[in-house]
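The values are calculated or read from the model by the stated rules, or taken from the named source; none is laboratory data. Since this is a predicted model, take the numbers as computed values, not measurements. So basically every Cβ, Gly included, is an ideal-geometry build from the backbone, and we count neighbours across all protein chains shown. Heads up: the accessible areas ignore ligands, DNA and RNA and are worked out on the full protein's heavy atoms, side chains in. Shrake-Rupley method; radii C 1.70, N 1.55, O 1.52, S 1.80 Å.
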Amino acid sequence: MCGIIGILGREPVAPAMIEALKRLEYRGYDSAGVATLENGHLTRRRAEGKLRKLEELLERKPLQGQIGIGHTRWATHGRPNETNAHPHATDRVAVVHNGIIENFNELRTELSGRGAKFTTETDTEVIAHLVTDLMNGGLGPIDAVRAALPRLKGAFALAFLFEGENDLLVGARRGSPLAIGHGDGEMMLGSDAIALAPLTSNISYLEDGDFAVLKRGGAQVYDANGNETKRPVLRSGAASFLVEKGNFRHFMAKEIHEQPEVVGHTLSAYIDFATERVQLPELPFDFAKLDRIAISACGTAYYAGLIGKYWFERFARLPVEVDIASELRYREAPFTPGNLAIFVSQSGETADTLATLRHAKEHGQHVLSIVNVATSTIARESELVMPTLAGPEIGVASTKAFTCQLAVLACLAIAAGRARGTLTEEDEGNLVRALIEVPRHMSEALALEPEIERLARDIAKNRDVLYLGRGTSYPLALEGALKLKEISYIHAEGYAGGELKHGPIALIDATIPVIVIAPYDRVFEKTVSNMQEVAAREGRIILITDPRGAREATIESVAILTLPDMPPSVTPLVYALPVQLLAYHTAVIMGTDVDQPRNLAKSVTVE
Ligand code: F6R
């Protein structure tokens, strides 16, 4: 995680670095810092906490340097305090880092033995000392970085600034993303195009293993083998990206409310509304020839994958395995070459998902990704990308990206069913019509917000909350619990309804709200039995269902949220909204930092 920026400018760069770091705060926000050259001398300003603390510090103690590097941190090694905040520096070099240096202990011992004085608990500080050590041995700044990189194990995106070098920034990437911005007589480095958008729209993306030397007149890039190479300069559309909440109090609220629009937009990219058929880009594989699909992702995107499994299996009779990316990668799963691996990611930079994608490629899988950031590393390394058109998601808790991921997975599963002959044209028409109605149902679901807010007042009084669901409502129960715990800090767990009596029922008493997600479908009766079990133990139930479910759930002490009728194939897309709103309003009542909850970051670029 962490966001990095570097600017070779023509006027003082601190204000532009702060602006860029604001756009990178989604990558971490526990401390921040910048370094510039003041009359040729490395000078740093660093502050614990949100970026505004650094901004305040710079107002009190401004910097005038026209070259600089900056960082917003999500702590991996060392507490989030000022000492551990980046840039890390010696008297010769300052560095900002996104990633983890796995062999930092070994390097630290070696460099301490040669007199280096370490002052922080971070892994990054070894990089500054290693480069300094090589410079003290006679190498110039560029060669010193070049010689240091092979000694680093782990993942990194790095930007270096050197004492006395007013026209030089060096960048390098292995594992973590890094882009070069090409301005008019100015050059930049940044974690992504969004950070660089106020400065330039001309962006080139470094490839893994690249090393870049930036001067105001341009950049030279070297590949992993040290050969000079060119990375294409692309026009980035990120400039139109506006970090605005509109009339909403939080980005999360805005993003929840955007769902009818962005899901409609995403569906229109994969559905021909006139013929009511799914229309996908040309596929580099044939669904009819696959014997299995592997879906991998993390967190909310993983839960989207779990829902996708139900659809692929039902519509296309195709076995699907869904894995948490960090597990698939290390569990030595056998792959049959020629099968399909699907990766789901909002950011497209999640380190575990990316590493698993590379692992699947090495094992001869076709690689398809469903990503929201079209310029991301996962998108660029995939054989086929099916973008979600959610627009920038700023709130750390994923909402609109999740439902857009579901929209794409549903279209894919329908296409698979058609290709495998398990869906007739009529079946496809019915499923597509149901999808087309989703944005309308979402708007109806949003109208329940005042009721949901009232229920949230009760939820906010509790320490534990249970979510139950069956079928596709089970992964949604997992997602509901994740949403609640990550933004309200109330402990929550999601269970498959049938699992209740295998352990979690021991938790039930009058103090535990149980949120049951149960549209009236073929497993509804079973879920009613589970609710009876909860009610018999005085558990307080909130039932999210439809008119028929509301009529038939004859249980006392139930609060009911009634959503419109809709075909079971699309319920997860619509039921996600009350689940998100319940978490959102609970967090607002609890007074937490909804958009930037503690300890989290939007883009998880470390393992
Ligand atoms: C939860 C949440 C996370 C992400 C996960 C994967 O609200 O946002 O669980 O879903 O970190 O991130 P992406 O989708 O960027 O790969």
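It is to be established whether one or more residues within segment 518-538 are within 26 Å of the chain's Cα centre (by Cα) and either in a helix (DSSP H, G or I) or closer than 30 Å to GLN596 by Cβ (or both). Looking through segment 518-538, none of the residues is within 26 Å of the chain's Cα centre (by Cα) and either in a helix (DSSP H, G or I) or closer than 30 Å to GLN596 by Cβ (or both).
Please list, ordered by residue number, the strands (runs of 3 or more DSSP E) wholly in segment 1-96 having 2 or more residues that are open to solvent by 10 Å² or more (accessible area, probe 1.4 Å) and in contact with a helix residue (DSSP H, G or I) (Cβ under 8 Å, 6 or more places away or on another chain). Explain how you work it out, then say what you get.
Values: elements: 3-8, 31-38, 41-48, 67-73.
Hits in segment 1-96: 41-48.
Between MET531, MET442, which is within 27 Å of ALA316 (Cβ to Cβ) and either open to solvent by 70 Å² or more (accessible area, probe 1.4 Å) or among the aliphatic types (A, V, I, L, M) (or both)?
Details: MET531 fails: within 27 Å of ALA316 (Cβ to Cβ).
The unique qualifying residue is MET442.
Only a single item in (1) more than 19 Å from the chain's Cα centre (by Cα); (2) modelled with pLDDT of 95 or more is not met by VAL344, and it is number (1). Residue count for segment 487-505, restricted to those that are among the aliphatic types (A, V, I, L, M) and within 23 Å of GLY471 (Cα to Cα): 4.
What do you reckon, is ARG146 open to solvent by 70 Å² or more (accessible area, probe 1.4 Å) and under 24 Å from GLU228 (Cα atoms)? Spelling it out, ARG146 is indeed open to solvent by 70 Å² or more (accessible area, probe 1.4 Å) and under 24 Å from GLU228 (Cα atoms).
Mind listing just one residue for me: the one in segment 466-490 that is open to solvent by 20 Å² or more (accessible area, probe 1.4 Å) and within 16 Å of the ligand (Cβ to nearest atom) and, of those, nearest to ASP595 (Cα to Cα)?
Looking only at segment 466-490, we keep the residues that are open to solvent by 20 Å² or more (accessible area, probe 1.4 Å), and these are 470-472, 474, 478, 482, 485-486, 489.
Retained after the next criterion (residues that are within 16 Å of the ligand (Cβ to nearest atom)): 478, 482, 485-486, 489.
Working: LEU478: 20, LEU482: 15, LYS485: 13, GLU486: 10, TYR489: 13 Å.
So the residue we want is GLU486.
Listed by position, the helices (runs of 4 or more DSSP H) inside segment 172-283 whose residues that are closer than 30 Å to TYR575 by Cβ, open to solvent by less than 30 Å² (accessible area, probe 1.4 Å) and among the small types (Gly, Ala, Ser) number at least 1 are 251-257, 259-270. The lone criterion from (1) among the charged types (D, E, K, R); (2) within 19 Å of LEU24 (Cα to Cα); (3) without any contact (Cβ under 8 Å) to a residue 12 or more places away in the chain left unmet by ARG46 is number (3).
May I ask you to say which residue of SER443, SER398 is in a helix (DSSP H, G or I) and of a type in the set (Gly, Ala, Ser)? Steps first, please.
On the way: SER398 fails: in a helix (DSSP H, G or I).
Going through SER443, SER398 in turn, the sole match is SER443.
Selection of segment 330-381 for residues being hydrophobic (A, V, I, L, M, F, W, C) and more than 14 Å from the ligand (Cβ to nearest atom) yields ALA333, PHE335, LEU340, ALA341, ALA360, VAL367, LEU368.
Do we find that GLN580 is modelled with pLDDT of 95 or more, of a type outside the set (A, V, I, L, M) and part of a helix (DSSP H, G or I) in this structure? Walk me through it before giving the result.
Details: modelled with pLDDT of 95 or more: yes; of a type outside the set (A, V, I, L, M): yes; part of a helix (DSSP H, G or I): yes.
Yes.
Quick one: in segment 270-303, of everything that is touching a Cys at 6+ places or on another chain (Cβ under 9 Å) and aliphatic (A, V, I, L, M), which residue is nearest to the ligand (Cβ to nearest atom)? Looking at the filtered set, the residue picked out is LEU280. For ILE487, are the conditions met, namely being modelled with pLDDT under 95 and among the β-branched types (Val, Ile, Thr)? So ILE487 does not fit the description; no. Scoring LYS485 on the criteria (1) part of a helix (DSSP H, G or I); (2) touching a Ser or Thr at 6+ places or on another chain (Cβ under 7 Å) leaves a single failure, condition (2).
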